[in-house]
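Inspection log for the structure reproduced underneath, given as structure tokens.
Every number here is computed from the coordinates shown, using simple stated rules; none is lab data. The structure presented is a predicted model; accordingly, all values stated were derived computationally and were not measured. Every residue, glycine as well, gets a Cβ built from its backbone with ideal geometry; the counts of neighbours run over all protein chains shown.
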Amino acid sequence: MKKTIGIWRSWALVAGMMIGSGILTMPALLAPYGSYSFLGWAVTGFGAICLALSYSFLSSRKPGLGGPYFYVQEAFGSKWAAIVAWGYWISFVASVAALALAFTGYSKSYLPFLEHNSLYSAAFAISIIILFTVINIRGVREASTVQLITTVIKILPLVFIGVAGIMFGEIKEIPAINPDTNSLFQMVAGLCLLIMFAFIGVESATLPSEDTIEPKKTIPRASILGTLTAIIVYMLAMYGLMHIIPLAELQQSTSPFADAAQIIIGNSGAIIITIGALFAISGTLNVCIMMTGTIMLAGSRDGMFLKYFSEQNSQGTPVRALLFSSALGIIFLLFSNSKSLLSSYEYLVIIATFAILIVYLGTGLASIKLQWSDYKQDQKLSIFHLTIALLATLFSILAIIGTWVLYQ
């Protein structure tokens, strides 16, 4: 089978997965922290780079279909790998439902009949899941091409707001606001949890390794490049946004980037940003659906999921896995539909983020174990890669603590 994913499609999987609905809602959540939010961005960005470097080492050591699940299996065996595989899969299924809701929310500007009718909103969200499932069923090449296009398009509005805010904003400094937390450590832990949702996807390039051209070179490069792209775009967009909208108003904004664009260039700016948001969400949704099929395919080959889901069509697409995962995503969506759209979105995001942090913790520990095993077999131990694995593990623990801090 001909491999189809090169460096730019692989980069798009990473950057496209991270730059999604998270950054579009993040400013309002972080506004209460003021300038402290940049401390959270710095710590989380550093943690994301450590995770990317850790995955780069693991993929260059031995590429394998399934990403995190594959490495945990090699390090700790099938029992722990099954926990990671199921947790990883559930995190993406929940993300699919959440992103479909986010797409529906932004579409209300153009489809007003969705505004006050939960039945229409649910039907629209389901249709979005079905659409991107069909795109993925057509094959990895088509899905990765869509991802490359949407990634490039959705970055542009965020960069525009960042640059425009810095150039035309009037604020000279962003005040430091200390929220009601018991300590700086707890505040940073809570910030890491919130911000980490915007960095989910650092491992994306490792998943379709069987379809990646020269995976030992392509995957590490794409992982680092994609993570750095997200960090630069996030920091620029947040800094510019805080120069345009006062923090007190930013806390109340449900569409901060659209509000900022309206201030700069009027209603047309809000329309442009809304379209950009739809591209951002659809790009991330595309990757999440691709991931659900890939994870289930890898797990079914090793007995973690039913063998029924290991079947692929002539293009190498795990059709059964994709259809089952999307069907469960629709069930998740309907299960949470009794709440408001925003509450449903938050509920699904919490599930997805906590589950993925457990996965990151598992792969961080797996990297440490595999490096030590290699050392015991007389291979050279890299202090750099071991340190990176330790830092990635500690960061995952810190973000998990943030779950307790925010939701105790």
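Provide, as a two-decimal number, the C-alpha radius of gyration of segment 276-371 over 2.2 N^0.38 Å, N being how many residues it has. Please list the in-between numbers first.
Working: Rg = 15.9 Å, N = 96, 2.2 N^0.38 = 12.5 Å.
Its radius of gyration relative to the 2.2 N^0.38 Å reference: 1.28.
Which option, (i) 55, 55, 45; (ii) 112, 52, 43; (iii) 60, 46, 39, is the value of Cα extents along the principal axes in Å that was calculated from these coordinates?
For Cα extents along the principal axes in Å, the calculated option is (iii).
Could you tell me the calculated FRET efficiency between Leu184 and Trp372, based on Cβ-Cβ distance and R0 = 30 angstrom, to the nearest 0.05? Spell out each step's value before the answer.
On the way: r = 33 Å, r/R0 = 1.11.
That gives a FRET efficiency of 0.35.
How many percent of all Cα-Cα pairs in segment 215-267 sit more than 19 Å apart? Don't skip to the end; give the middle numbers.
Details: 620 of 1378 pairs.
Result: 45 percent of Cα pairs exceed 19 Å.
Using only helices, what value at 222 nm comes out for the chain when you add -39,500 (n - 2.57) per DSSP H run of length 4 or more and divide by the total residues, to the nearest 500 deg cm²/dmol? Working shown, then result.
Details: 15 runs with 306 residues, N = 408.
Only helices count here, giving -26000 deg cm²/dmol.
Describe numerically, in nm with one decimal, the distance between label points set 7 Å from Cα along Cα→Cβ at Ile130 and at Leu39.
So the label points at Ile130 and Leu39 sit 5.0 nm apart.
Can you pull out the chymotrypsin sites (Phe, Trp or Tyr not before Pro) in segment 305-408 that DSSP calls coil and that have at most 10 other Cβ atoms within 10 Å? Before the final figure, lay out each step's value.
On the way: sites: Phe305, Tyr308, Phe309, Phe324, Phe332, Phe335, Tyr345, Tyr347, Phe354, Tyr360, Trp372, Tyr375, Phe384, Phe395, Trp404, Tyr407; in loops: Phe305.
Answer in residue order: no site qualifies.
Tell me, Kirkwood radius of segment 248-296 from alpha-carbon pair distances, in Å?
On the way: mean 1/r = 0.0808 Å⁻¹.
For segment 248-296, inverting the mean 1/r across all distinct Cα pairs yields 12.4 Å.
So for the pair Ala327, Leu119, with labels modelled 7 Å out along Cα→Cβ, what separation do we get in nm?
2.5 nm
Quick one: longest stretch of the chain between exposed loop trypsin sites (Lys or Arg not before Pro), exposed meaning at most 15 other C-beta atoms within 10 Å and loop per DSSP? Mind dumping the intermediate values first?
On the way: sites that count: Lys2, Arg138, Lys172, Lys339, Lys380.
In short, 173-338.
How high is the relative contact order of segment 7-407, given as a whole-number percent (alpha carbon pairs under 8 Å, six or more residues apart)? Don't jump to the answer; show the numbers that get you there.
Details: 675 pairs, mean separation 146.4, N = 401.
Result for segment 7-407 is 36 percent.
Give me the Kirkwood hydrodynamic radius of segment 197-298 in Å, from all C-alpha pairs, to one decimal place? Walk me through the intermediate numbers first.
Values: mean 1/r = 0.0625 Å⁻¹.
Evaluated on segment 197-298, it is 16.0 Å.
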